Number of protein chains: 4
Amino acid sequence: MERLLPTVDTSEDKKFLLQLGCVTMLLHDLGHGPFSHVSEKAFGIEHEDMTANLLDYPEIAGILEKHSLPISRMKNILTGTNPPQDALISQFVSSQLDCDRIDYLLRDAYFAGVGFGNIDLPRIVRMFKVHKENGPWKGLAVSLNKGHYTLESYILSRHLMYQDVYYHKATRGAELLVRKAIKRAADIADSSTLPELLHFLAEGREPTVDEMLRLDDHELFSILAKWSKSNDQILSDLSTRFIDRKLLKTIELSHPKLSAWISEDIGPKVNQLAERNGFNPEYYCPVDSHSDTPYEPYTPGEEQSVTTSIFLYDEERKIKEISAVSDVVNALSKTKYNDRLYVPAKIFSEAKDLFA
Amino acid sequence: MERLLPTVDTSEDKKFLLQLGCVTMLLHDLGHGPFSHVSEKAFGIEHEDMTANLLDYPEIAGILEKHSLPISRMKNILTGTNPPQDALISQFVSSQLDCDRIDYLLRDAYFAGVGFGNIDLPRIVRMFKVHKENGPWKGLAVSLNKGHYTLESYILSRHLMYQDVYYHKATRGAELLVRKAIKRAADIADSSTLPELLHFLAEGREPTVDEMLRLDDHELFSILAKWSKSNDQILSDLSTRFIDRKLLKTIELSHPKLSAWISEDIGPKVNQLAERNGFNPEYYCPVDSHSDTPYEPYTPGEEQSVTTSIFLYDEERKIKEISAVSDVVNALSKTKYNDRLYVPAKIFSEAKDLFA
Amino acid sequence: MERLLPTVDTSEDKKFLLQLGCVTMLLHDLGHGPFSHVSEKAFGIEHEDMTANLLDYPEIAGILEKHSLPISRMKNILTGTNPPQDALISQFVSSQLDCDRIDYLLRDAYFAGVGFGNIDLPRIVRMFKVHKENGPWKGLAVSLNKGHYTLESYILSRHLMYQDVYYHKATRGAELLVRKAIKRAADIADSSTLPELLHFLAEGREPTVDEMLRLDDHELFSILAKWSKSNDQILSDLSTRFIDRKLLKTIELSHPKLSAWISEDIGPKVNQLAERNGFNPEYYCPVDSHSDTPYEPYTPGEEQSVTTSIFLYDEERKIKEISAVSDVVNALSKTKYNDRLYVPAKIFSEAKDLFA
Amino acid sequence: MERLLPTVDTSEDKKFLLQLGCVTMLLHDLGHGPFSHVSEKAFGIEHEDMTANLLDYPEIAGILEKHSLPISRMKNILTGTNPPQDALISQFVSSQLDCDRIDYLLRDAYFAGVGFGNIDLPRIVRMFKVHKENGPWKGLAVSLNKGHYTLESYILSRHLMYQDVYYHKATRGAELLVRKAIKRAADIADSSTLPELLHFLAEGREPTVDEMLRLDDHELFSILAKWSKSNDQILSDLSTRFIDRKLLKTIELSHPKLSAWISEDIGPKVNQLAERNGFNPEYYCPVDSHSDTPYEPYTPGEEQSVTTSIFLYDEERKIKEISAVSDVVNALSKTKYNDRLYVPAKIFSEAKDLFA
């Protein structure tokens, strides 16, 4: 951004725009709760809303105001409802090649120790230029054609991280146990079980900003440790399974199996099997569905799509969208659905036979 | 191979097979001449033939015989004409996931300093098992389904190395100058110009093994340095351009342009333009065509295809070919053609206008 | 170890010895409490004792017994009280080049993102041979002289990690706040403040194994979060400072200053200054002393020193200790003392002036 | 330099100074001949002189003049004879922490594949500040104390590269063969043997700039290949040994052995042994002596020493030289001498016995 902003045609002060962009990028993930997406689903919140709430939080708002950073403008950028003059910053904050994706890929590949998150960020950055000509791309960052292969590699990296790390059956299995434990605690809503910080679950409301700030990963781990000693058999078992990594086992519901599950009453049969073995299927036999579109191609006419898609110059410096010129990116433009049935190890083999 | 061989069902000694495989892999690229594929084309040879010739070379044959390594069997493996019992070794020596590809990708990515050659070799290796059941895959290495994404990443890496490194316009442009200089020296076949080591060019024969062994990169560099002082204007200019990196300039012949080149007499017009400016088009206006199929899918019925393709177990340990289960690999199964017209910088702009 | 054990002269089964060594190495750090050395000091325990206790813990002892692994022999290796025939395993478990040091250096350098922890472990390992001749080194691993420089680099790496990471003033400052908070909670021993898991502090006893197992990092973070809302002003302040990273500030007590501190009554003056400003010096003005000897040279005659020091073959395969042949290692054989006075930022400048 | 120059107190244009510094750094190694230090010794030249000559070479001087870069000022910086106002640039071009050392360490460690060349360059650079106060350090770069450990690591890295890579017995042994082959060719000075490019050897003069420019590594390799077919037995054998990596063998002349060599007539005995076996000792029994001082401490009073040594601020921002505060650097301030006798393998064992 430091390299591109000076080439933009605007009457605003460049230093101010740079600060606005950097601070928005810095704060964009502020609203994540414990275990990230786990708490979003379990608490019924969206981290983007929480981020927006936090910008108004006195401690943060005070600093932003001191530096004359307009909070409502930042919120618009964060939610993609910004006016055209902030389109370039919006590209950096929230697009298919934004600071968020680059940040989590580099970080998670490093800490997960997998080779394929290895993005050549300096080269990606160097290849971008601000488009000067009039039309929908005016003022946006477009990559030189030379950046083509580095971008292909980036999009595949993200795809591989989703399939092999974020959606790994063990990762998702551990997350499911936490979500089901929280659900159980909320369902029984026993005041001795539900710690003060989670009372909002019993009260059927969203957590306040203060509650969210106190609810970090450590707190949730500590709560789960306490629950593992609970008198409620289900709560205690789910928490203990999480702590001891005794995950539920997975049956991949590929297309024919998913239809069978839906149309041939296999679902109820699995539930009966679980109940016969003393497992409440509501907690012990979840179907985990998730999907990812590694790259969403540009939809002409949809305004936001101009900002969020990735464009290249061709040889004559005409603009082409990357999925239109790359077979690989085109192949990665399909949504990939994953559905898995989780069941306790004890009934795994019998449950599998139901699909035979 | 050390891990897989012990699980193979064979009456032969495993230690001998391991040695046979390792030595064949070690020697498979022995026949490369100076500047690799440049000399192959310029000298009209194939490095695979030269490798086979070198196995019979006394110094090497002597060592192989001392260790009871059967030269003809090694040659069969190297040319893919081996009997079925050597299919596993053949997979390692010459397939779409062989020691050659893995070796050059890791090495060239390291020395070119590009991130995307980063193959997770240990994981690829760990995922392979020898297939035990009868049928065409018996005795071959098949990857567990878990290796899926690492293999996708490997195939994309190879694709990116071809497009961004091996077929880079500067790499190919430098190679072209060397080839054209050698062609020029052979065409004028002047005994004062053609060093003894290249007499075979004037004699219209292939180089002998001894000549090839002496013709290393340094020798060719030294010859080019000498040629840069030649009295032949063309030979001197081509060699000087190579040494000073004054490459020819490229016009990408994408599909419509290539048809125009062929059907609308643009070729002859470029040649006339070159001649008017004192450039012999035979040496100065080459079209460089190359193509790569990142992954050749399995063709049922074709015997060799069983050995050279990459197969995975699915969840039920049935065998599936990788392009059948991966959209990315499927997209990478198309042949990618690149055609470029090279011309001297002096006539570049005018040549480009001919396509307008 | 896998490479060296087969060359050892022993009547015991090599596979058993390998398993014994590997399991002992795997378990050697089992007894670490929350925040590692912080809890050791705050709880008055030693992690080595806790590791020994854990080997008798039913869940672990059961597994060891099932595999016929002798617990008392493992304990002797862990405490360095093993008989000579276990000296080689003892070298790997507990010496100046043991699995512990190599493990923490590689891991901490990776996660701290510093370059100098980069040990060439494969080369270090490859250079070691088992000494065959009679005498004190018989059966021990000695490095070929070629490994000399890699070992110099390893010893310097460890030194740099201690000085720049483990003893960094911010690292130590954060640890101090936790220790002082725990001390405060123990001092006031208020049952509403001291969570059940820390009752042992009030009871003046060591924690039980069960308590230690439950007291993980998350639990301690959660306790500190609770303490930050405590009615006790000091406890609340220390915990809040830790959570908000408002560390105490440091005054390095280099040699002249340390003597001044001791001999010229600067200590009491700092305490008075603190008290005048409302800080209890017992919690707010600690002197943090630590020392490290990057390499302890061999002391002839001391039996254990043969196992814990690092030896090299010289050119004639005579044994030399590394500090005797390397000026660098010799320089690193001095104990390095660090003493720092920590004070609240508010009185930092005035406290500093006391030393002027 | 880009970061430090703006903080310097000077009346000259900062952009000009930056360009002057960068171009001087870029060109500082221009004068290296084939195989670097091998050709310096064999041809009797110094690469620094050759670099100075090349700055006057029309092709280069033309470019420098076009950009108003003063050649004589650059030469003064390159030879350390610059006036005080260029001291900062001189530090970057030629000191104990200059672009040359950092360049070769990073490059050679990467290509040699050794871990210990791993310098944390960004951190080293970030720690330097320009000293503002009057006195000998005014205008020079001094490191913050925080950079201390990174600098220790850098100095050790350089030491290890010298001992384990640059002075490795195989590296030096191969270089010796080349030097002795060139010496032999000069000694026999046979016009059919000495290629035109090396005629200067027979003429007893230094090579001209033109000759040096044409004498690259490839040319020397090619000459050695030709010599390996020479009729002169010694020239042919030395060249063949180099090409086939049949190096001479080494006897380390540690202190007692070196004295024995000198005082007890072992030298003449080795020579007699060689002659009896048909080896001319002038070419086949060289003693290779080299030495390195990993870090030369500051000598107060010696003006240049202020620029070439490495200084740190201490806590009170007083300046201390690094060897005065670091035991490790102090240990690395001793000159390390290495002397090796090389002899043909055939007489190695007998030669070794002479020292017994």
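The values are calculated or read from the model by the stated rules, or taken from the named source; none is laboratory data. Computed from a predicted model, the values in this text were never measured in an experiment. Positions of Cβ are generated from backbone atoms using ideal geometry, with glycine treated the same way; all protein chains shown enter the neighbour counts.
Run down D:Ser326, D:Ser349 and say which single residue is more than 23 Å from the chain's Cα centre (by Cα), of a type in the set (S, T, N, Q) and buried (at least 16 other Cβ atoms within 10 Å of the Cβ).
D:Ser326
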Counting just the residues of the stretch D:159-174 that are within 10 Å of another protein chain (Cβ to nearest Cβ) and of a type in the set (A, V, I, L, M), which one comes out nearest to D:Leu341 (Cα to Cα)? D:Val165
Filtering the stretch A:103-151 down to residues that are within 14 Å of chain B (Cβ to nearest Cβ), hydrophobic (A, V, I, L, M, F, W, C) and within 26 Å of B:His168 (Cα to Cα) yields A:Phe116, A:Ile119, A:Leu121, A:Ile124, A:Val125, A:Met127, A:Leu144, A:Leu151
Just wondering, is there one or more residues in the stretch C:13-31 that are surrounded by fewer than 17 Cβ atoms within 10 Å (Cβ to Cβ), among the polar types (S, T, N, Q) and either within 30 Å of C:Ser323 (Cβ to Cβ) or over 26 Å from the mean Cα position of the chain (by Cα) (or both)? no
Filter the stretch A:324-339 down to the residues that are within 11 Å of another protein chain (Cβ to nearest Cβ), among the small types (Gly, Ala, Ser) and without any contact (Cβ under 8 Å) to a residue 60 or more places away in the chain and list them by number. A:Ala331, A:Ser333
How many of the residues in the stretch D:292-323 are among the hydroxyl-bearing types (Ser, Thr, Tyr) and without any contact (Cβ under 8 Å) to a residue 40 or more places away in the chain? 4
Considering each of C:Leu177, C:Leu156 in turn, give the residue that is within 10 Å of chain D (Cβ to nearest Cβ) and farther than 19 Å from C:Lys318 by Cα. C:Leu156
Determine if the stretch A:217-227 includes at least one residue that is surrounded by fewer than 19 Cβ atoms within 10 Å (Cβ to Cβ) and closer than 23 Å to A:Tyr57 by Cα. yes
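Of C:Asn330, C:Asn338, which residue is over 25 Å from C:Ile234 (Cα atoms) and at pLDDT below 90?
Testing whether each residue is over 25 Å from C:Ile234 (Cα atoms) and at pLDDT below 90 leaves just C:Asn338.
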Here is a list: D:Leu197, D:Leu176, D:Leu160, D:Leu140. Which entry is out of contact with any His (no Cβ under 8 Å at 6 or more places or on another chain), under 20 Å from D:Ile322 (Cβ atoms) and not acidic (Asp, Glu)? D:Leu160
Tally of residues being surrounded by fewer than 19 Cβ atoms within 10 Å (Cβ to Cβ) and not in a helix (DSSP H, G or I) across the stretch A:165-193: 6
Being within 27 Å of C:Asp339 (Cα to Cα), in contact (Cβ under 8 Å) with a residue 60 or more places away in the chain and surrounded by 14 or more Cβ atoms within 10 Å (Cβ to Cβ) is the requirement here; does C:Leu273 meet it? yes
Residues (touching a residue at least 24 places away in the same chain (Cβ under 8 Å), among the charged types (D, E, K, R) and closer than 22 Å to A:Leu27 by Cβ) located in the stretch A:104-143: A:Asp108
Tell me, which helices (runs of 4 or more DSSP H) lie completely within the stretch D:209-310 with 1 or more residues that are away from chain B (no Cβ under 14 Å), under 25 Å from the mean Cα position of the chain (by Cα) and over 22 Å from D:Gly173 (Cβ atoms)? D:209-214, D:303-308
Flagged in the stretch D:1-51 as more than 18 Å from D:Gly139 (Cα to Cα), without any contact (Cβ under 8 Å) to a residue 60 or more places away in the chain and assigned to a loop (DSSP other than H, G, I, E, B), in numbering order, are D:Leu30, D:His32, D:Ser36, D:Glu46
Matching residues in the stretch D:104-131 (at pLDDT below 90 and outside any helix (DSSP H, G or I)) number 5
Restricting the stretch D:194-208 to residues that are in a helix (DSSP H, G or I) and within 14 Å of chain B (Cβ to nearest Cβ), the one farthest from D:Glu46 (Cα to Cα) turns out to be D:Glu196
In the stretch D:336-356, what count of residues is obtained for those that are of a type in the set (Lys, Arg) and farther than 30 Å from D:Glu296 by Cα? 2
Among residues of the stretch B:1-44, those that are at pLDDT below 90 and acidic (Asp, Glu), counted: 4
